[in-house]
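Report on one structure; see the data block that follows.
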Amino acid sequence: MNKILVTVAIVVLVLTGLVLAFPLQADPQGDKGSLEKITFIHYKDGHIKQVNGNAKPASIACYGFLAKGAKWKTTESYKINPTNSQGLSQELIVNSTDAADANWDNQVAFNIFGTGTVDYSASYNNGNLDGNNTLSFGSISNTGAIAVTTVWGYFGGPVQTRELIEWDMLLDQVDFQWGDATLDPTKMDVQNIITHEIGHSAGMGDLYQIQCAPQTMYGYSTEGETSKRDLDSGDITGIKKLYS
Ligand SMILES: [Zn+2]
């Protein structure tokens with residue numbers, strides 16, 4: 001019993017020490033608020049929330065932000081690790097990512113995404129902050145999760161000081177078979193999912209209202225879907241508003 005108490009006390013002391021020793025999350029300026037992260041998990045269709053069938057159809061803008069005003073203020077490059085267990089070519093992954101990134105970039109004057117370069121050491125790194133924006137394949141433990149994107153930045157504080165500073169995307173290669181769904185509709189389309197996920201990297205939030213299902217930022221997908229490869233009206237309105 002005493003041994004357990006001593007162990008608990010040591011753990012508490014160590015954790016307290018770590019918090020005191022590494023106040024990395026605090027912004028020295030004090031005006032941006034704290035460095036935070038948001039993790040978006042993209043699920044397969046089937047989790048759809050039902051809306052009341054008798055409800056009057058609402059006029060919905062069909063776009064949302066990760067945090068109002070939180071966007072890139074400097075253009076950063078990113079790393080693509082094409083390593084995968086399904087024999088997907090580097091060309092498919094890189095071309096899909098380029099197309100996804102261009103879709104968002106082409107809507108605004110600011111260059112949101114820099115160059116994507118292949119780097120076989122790039123890793124999701126558990127969504128930890130490590131100075132690299134990355135895209136890679138791996139395993140996501142949440143059942144039905146197709147992809148996860150973690151975005152770091154200053155999301156609190158005054159809207160003008162909000163800023164994105166890192167993103168990391170992970171595509172689940174254990175539970176889903178990936179490919180080009182225009183060639184094989186049984187596959188989870190690489191470009192379709194990356195266009196949605198990289199929308200989070202740009203500062204966009206998920207949409208869950210069924211009326212917003214045609215949008216790229218709609219929160220669910222399934223095999224064979226390619227409708228998210230192109231942005232829809234709400235996605236375009238949203239990204240223009242964020243980077244205006
Ligand atoms: Zn999402």
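The values are calculated or read from the model by the stated rules, or taken from the named source; none is laboratory data. Source: prediction; values computed, not measured. With ideal geometry, Cβ positions are generated from the backbone for all residues, glycine too; neighbour counts draw on all protein chains shown. The protein model used for the area step is the full one, side chains on, heavy atoms only, and it has no ligands, DNA or RNA in it. Shrake-Rupley method; radii C 1.70, N 1.55, O 1.52, S 1.80 Å.
Summary of computed values
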{"quantity": "Qualifying residue in segment 97-108 (condition: more than 21 Å from TYR243 (Cα to Cα) and under 16 Å from the mean Cα position of the chain (by Cα))", "calculated": "no"}
{"quantity": "Count - residues of segment 179-196 that are touching a residue at least 60 places away in the same chain (Cβ under 8 Å) and crowded, with 24+ Cβ neighbours inside 10 Å", "calculated": "5"}
{"quantity": "Qualifying residue in segment 121-136 (condition: among the aromatic types (Phe, Trp, Tyr), within 23 Å of ASN192 (Cα to Cα), surrounded by 15 or more Cβ atoms within 10 Å (Cβ to Cβ) and within 16 Å of the ligand (Cβ to nearest atom))", "calculated": "yes"}
{"quantity": "Number of the condition not met by ASP175 [criteria: (1) without any contact (Cβ under 8 Å) to a residue 40 or more places away in the chain; (2) open to solvent by less than 40 Å² (accessible area, probe 1.4 Å); (3) more than 12 Å from the ligand (Cβ to nearest atom)]", "calculated": "(2)"}
{"quantity": "Where TYR78 falls short, out of the listed (1) of a type in the set (Phe, Trp, Tyr); (2) in a strand (DSSP E or B); (3) surrounded by fewer than 19 Cβ atoms within 10 Å (Cβ to Cβ)", "calculated": "(3)"}
{"quantity": "Filter result for the condition that a residue is under 25 Å from GLY114 (Cβ atoms), surrounded by fewer than 24 Cβ atoms within 10 Å (Cβ to Cβ) and either more than 17 Å from the chain's Cα centre (by Cα) or of a type outside the set (S, T, N, Q) (or both), over GLY224, GLY205", "calculated": "GLY205"}
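For every residue, the table says whether it meets (1) at pLDDT below 95; (2) within 15 Å of the ligand (Cβ to nearest atom); (3) closer than 17 Å to TYR78 by Cβ; (4) not charged (D, E, K, R).
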residue: THR150; (1), (2), (3), (4): no, yes, yes, yes
residue: MET169; (1), (2), (3), (4): no, yes, yes, yes
residue: THR186; (1), (2), (3), (4): no, no, no, yes
residue: HIS196; (1), (2), (3), (4): no, yes, yes, yes
residue: HIS200; (1), (2), (3), (4): no, yes, yes, yes
residue: GLY205; (1), (2), (3), (4): no, yes, no, yes
residue: LYS228; (1), (2), (3), (4): no, yes, no, no
residue: ASP235; (1), (2), (3), (4): no, yes, no, no
